[in-house]
Each structure stands twice: as structure tokens, then as C-alpha cells.
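The values are calculated or read from the model by the stated rules, or taken from the named source; none is laboratory data. If you're wondering where the values come from, they're calculated on a predicted model, not measured in any experiment. Ideal geometry is used to build each Cβ from the backbone, glycine not excepted, and the neighbour counts take in all protein chains shown.
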Amino acid sequence: MKDVSALIQENGAVQDRSIYWDRDIYELEQERIFARSWLFLTHESQIPLAGDFITTRMGEDEVIVSRHTDGSLQAYINSCPHRGNQVCYAEMGNTKSFTCAYHGWAFGTDGKLITVPLEHETYYDNIDKARFGLQQVAQIESYRGLVFATFDPTAPPLMSFLGDMAWYMDAFMDVPGGTELLGPPMKSILDCNWKVPVENFIGDGYHVGWAHAAALDAINRLQGLGGAETNPLMSMQGNAGYNPDGTGIQVSTLGGHGMGIIWETAAALHVNPAYGEWLAYRTETIRAERGEWAAKLYNGHWDASIFPNCSFLYGTNTFKHWQPAGPRSIEVFTWTLVEKEMPEELKQYLAMMNMMTFGTAGMLETDDGENMEGCTGSNRGWMTRQGKVYAGMGQVNEGPHPELPGIVSEGIVAETSYRGFYRAWADMMSGKSWEEMSRGASRRSIKEVA
Ligand code: UNU
Ligand code: FES
Ligand code: FE
């Protein structure tokens, strides 16, 4: 395998193409990134009652996530400790126990082994059932309803892992009544490396006007509006005459998370004015309780990624979990991000609009999907794969911000957050300790600045 420390160069701006293709690099990612990081599992609202469960993956490990009889959240590997069969084949449900189809071992909703068929007659009661529960995750926690777990007992608490990313996300997560993800998620497969969609959502403001030109035009027609004059996001369409100056910011926060925020455009991709009206109504409370920055962030359109493999578009209400399935394939789970207190019809409209834009066959998802598969598949060529790709945009106008945490670049068309993601990726791949990684130069909290 290539020298891991040489895969990312120039402070995150240069990537070796083998990271999108090679099996041995992918396997090292499983060990050093997916077995250590906090990974998104589900939303608490998907499993509100005792016995509720869903199945998902952490890296390539199949896991069951459940609400135990005592109300606690639990997550454990979906593989029987007897002979290794998959225990649960359902995607979601409610149960008292999980019974393995092979020999009938049964587990509680905390993963503990509760019954062994013919226990007395075959083991002569000489089996220590406490030894043979489903393998538990090391830690499980939630942040405002988003449930995460890690296999690493030494990983810092979830809120330290999210760091300043959570401070930013609070602008729309910390609203009266809170937020939720509408599920069950849409599920689809893309033939791309998992990092390609993560880098797209973390801050690729560059592709929006170009790759999505036709989709933006279609949405603009559905809106029946006048185009760029009435909808600032539409001015990006085709890039003609688009000047990114002052339109927003791109941010990289310590730990490899990041986002691009286009001011005043949260509702820009919507055809129903009800969403914009809701935002205006909510902004009053947010401004009064949390100040001008929170109100400004709340009204921006965000594309964002939470390290390592979770992304969202705030405003377009899509929330993505990119699950690695080999170096050149992912399974995509797509949720709809809404506020709990929104009227039911508004939530249903947002779920429908998410389907139309970023669902499996969504107008923008298909634009992105083709590019993501292309960015992966072209590395099939041995000679191609010896080369590198470049994310150097925005290095001249980024740095600390007087009021906001992280590294901030003016204008959303930048690659600041790409570089932050790849610096974090390189740190984890080289096996740095959590302590070493916490001493990054981008540590800068809003409290330090105030
Ligand atoms: O396609 C995207 N990632 C995007 C779309 C980002 C910002 C606005 C619209
Ligand atoms: Fe960006 Fe080709 S122009 S990948
Ligand atoms: Fe896109």
C-alpha cells in the first residue's frame, strides 16, 4: 500500500486518487475511521417506544439500534455470537426479543442473550449466557435527537467530537420543540467512493450553478417566479454573471466537519411559500432568544457534512447517511429534516419536496450521482490512478473570523471545508490519538471570541 502520510498533501488541498479506489486504503479506513469515530445511527423519533428498533450500518458492520424496556438507547452488532448468522433481517419494527433463525438463540432489546434452546439438555447448564450477548457499541449518545455511536471506548464525548459543528447546527436544531428526521429513510445505491458525496455536501458550492443548472431552471419554472431577481440562489444558474462575493461563507470546523451557507436562501428551492412563511415566523423567536447570528444562520441555505459520512442540506431539508459498501459503492439513506412543531401538512410537503430534489430519482440527486460515480470510476485506469486531484480554491481568503468559530472563507464557492475534511481524514488514517487531534489549529469557539 502507498505511504499513508503521503496521500493528502498541501494542507489538505491535494488528494492521491488511490483513496477513491484502493481496497487496502478502504480497509484501513474501516479500522482507523469507522471503528473509531462517532457514527450516525438514526433519529430518536424513529424508536420512541420500548421494543422499537431499526437496523443500519456502522462502517460495514450491521447493527441493531433499539429502545430497551428501561427506555435507554442501545446498539449492538447484528451477528449471532453462536455461529455468526445475521440475527435480525427487518429494517425496523417492535419486538420483545431477536431470535436467530439458525439455532434459535434469543436476545433481549439490550442485546443480552436470554434463551438458548435445549440449554439444559445439551450444555448441561454449563454455558455462561452473560458471555454471549450481541456485541455492544462502546458508547451511544444523542445530540438533539440525532443518535450516534462509536466502537471506540476512548473516543471523547459526542459533543466534543462534534465540537463547533454542533454550535453552528444549534442555529436550526435548537428551536422551540426541536427538530426531527422523518423516516423511514429512502434507500438507494450509488457506485461511488463514500468520500465523494461527503466532500460534495461539505462545501461544493462550485458545482451548484453548473451541474444543477437545468434542475434550478425547472424549480424556478415551478415557482413561477422571475428567476435571479426574486430568488438569489437562481443567480448561480449556469454561472453566467454569478459573483459569489458576499453571498455566504464556507466553514471548516475542527474534526473535519464543515459547511457552506448561502445567506437568505433557506427556502430558495421551494415551490410552496408555506416553508418561507414558517421560517419568517420562527425567526422572530430565534432573533429574540439567540441573537442576530443565530437568525442569520437559520435563514441561510446550508450544505454540510458531519465527519465522517453524514451530510445534510438545511433549507432543502435533506439528511444523508452515506454508508460505505466497498471502495466503489455506497448505500444512501435519505431522511427529511423538519421542525417538530411545523404543521403536519408542511412536514408532508417538505418530505415530498425532498423526494423531488434529493430522493433517489430527485432532480438534483441524479445530477450529483452521475458526477460522483464519474469521480470514482475514472480511477479504474491504472495510469489515471497514479495522479492526484486538487481542492485548492479559497486558500487566499480564509482564516479565523471575528465572531464565528472554525476556519471561515468568504463566499460559498471555496474548498476550505474540503481541506479541513481531508486534514481530519489524514490525521485519523495515520493513527493519531484523540488528544493529538484535539489540538488542531482550527479550534476557536464563539465563547473565546466573545
Ligand atoms: O447541491 C448542493 N449541494 C446544493 C444545492 C448546495 C447549495 C444549494 C443548492
Ligand atoms: Fe471539476 Fe471536472 S471540473 S471535476
Ligand atoms: Fe449537488
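Scanning segment 276-316 for residues that are closer than 16 Å to Glu339 by Cα and within 15 Å of ligand 1 (Cβ to nearest atom) yields Leu297, Asn299, Gly300, His301, Trp302, Phe312, Leu313, Tyr314, Gly315, Thr316. Just one of (1) of a type in the set (S, T, N, Q); (2) over 26 Å from Arg282 (Cα atoms); (3) in contact (Cβ under 8 Å) with a residue 40 or more places away in the chain; (4) in contact with a helix residue (DSSP H, G or I) (Cβ under 7 Å, 6 or more places away or on another chain) fails for Asn239. It is (3).
Identify, please: which residue in segment 162-211 is touching a strand residue (DSSP E or B) at 6+ places or on another chain (Cβ under 7 Å) and free of Cβ contacts under 8 Å to residues at least 40 places away in the same chain and is, among those, farthest from ligand 1 (Cβ to nearest atom)? Top of the filtered list is Ala166. Taking Met173 as the residue in question, decide whether it is more than 16 Å from ligand 3 (Cβ to nearest atom), among the aliphatic types (A, V, I, L, M), out of contact with any helix residue (DSSP H, G or I) (no Cβ under 9 Å at 6 or more places or on another chain) and modelled with pLDDT of 95 or more. No.
Of all residues in segment 207-220, exactly one satisfies the criterion of being closer than 27 Å to Phe40 by Cα and not in a helix (DSSP H, G or I), namely His207.
Within segment 163-179, being under 22 Å from Gln323 (Cα atoms) and surrounded by fewer than 22 Cβ atoms within 10 Å (Cβ to Cβ) holds for one residue alone: Ala166. Selection of strands (runs of 3 or more DSSP E) fully inside segment 52-115 by the criterion of at least 1 residues being within 9 Å of Leu134 (Cβ to Cβ) returns 61-67, 73-77, 97-99, 106-108, 113-115. A count restricted to segment 321-351 and to residues that are within 20 Å of Asp174 (Cα to Cα) and either within 18 Å of the chain's Cα centre (by Cα) or outside any loop (DSSP other than H, G, I, E, B) (or both) stands at 9.
Inside segment 221-246, residues that are closer than 21 Å to Asn299 by Cα, more than 16 Å from ligand 3 (Cβ to nearest atom) and part of a helix (DSSP H, G or I) make up a count of 6.
If the condition is being hydroxyl-bearing (Ser, Thr, Tyr), in a helix (DSSP H, G or I), more than 16 Å from ligand 2 (Cβ to nearest atom) and touching a Ser or Thr at 6+ places or on another chain (Cβ under 7 Å), then segment 352-396 contributes only Thr357.
When we screen Val147, Val137 for residues that are in contact (Cβ under 8 Å) with a residue 24 or more places away in the chain and either exposed (fewer than 15 other Cβ atoms within 10 Å of the Cβ) or in contact with an Asp or Glu (Cβ under 8 Å, 6 or more places away or on another chain) (or both), the only hit is Val147.
Answer with yes or no whether Pro273 is more than 17 Å from Leu337 (Cβ to Cβ) and either surrounded by 21 or more Cβ atoms within 10 Å (Cβ to Cβ) or in contact with a Ser or Thr (Cβ under 8 Å, 6 or more places away or on another chain) (or both). No: the conditions fail for Pro273. Can you spot a residue in segment 412-429 that is part of a loop (DSSP other than H, G, I, E, B), farther than 26 Å from Lys2 by Cβ and away from ligand 1 (no atom under 15 Å from the Cβ)? No, the conditions are met nowhere in segment 412-429. Checking Thr122 against (1) on the phi < 0 side of the Ramachandran plot; (2) in a loop (DSSP other than H, G, I, E, B); (3) of a type outside the set (A, V, I, L, M): exactly one of these is not met. Which one? Here Thr122 meets the rest and fails (2). Taking (1) more than 16 Å from ligand 1 (Cβ to nearest atom); (2) not in a strand (DSSP E or B) in turn, Glu264 satisfies each apart from (1). For segment 357-370, the candidate set comprises residues that are over 19 Å from the mean Cα position of the chain (by Cα) and either modelled with pLDDT of 95 or more or within 11 Å of ligand 3 (Cβ to nearest atom) (or both); within that set, the residue that is surrounded by the fewest Cβ atoms within 10 Å (Cβ to Cβ) is Glu370.
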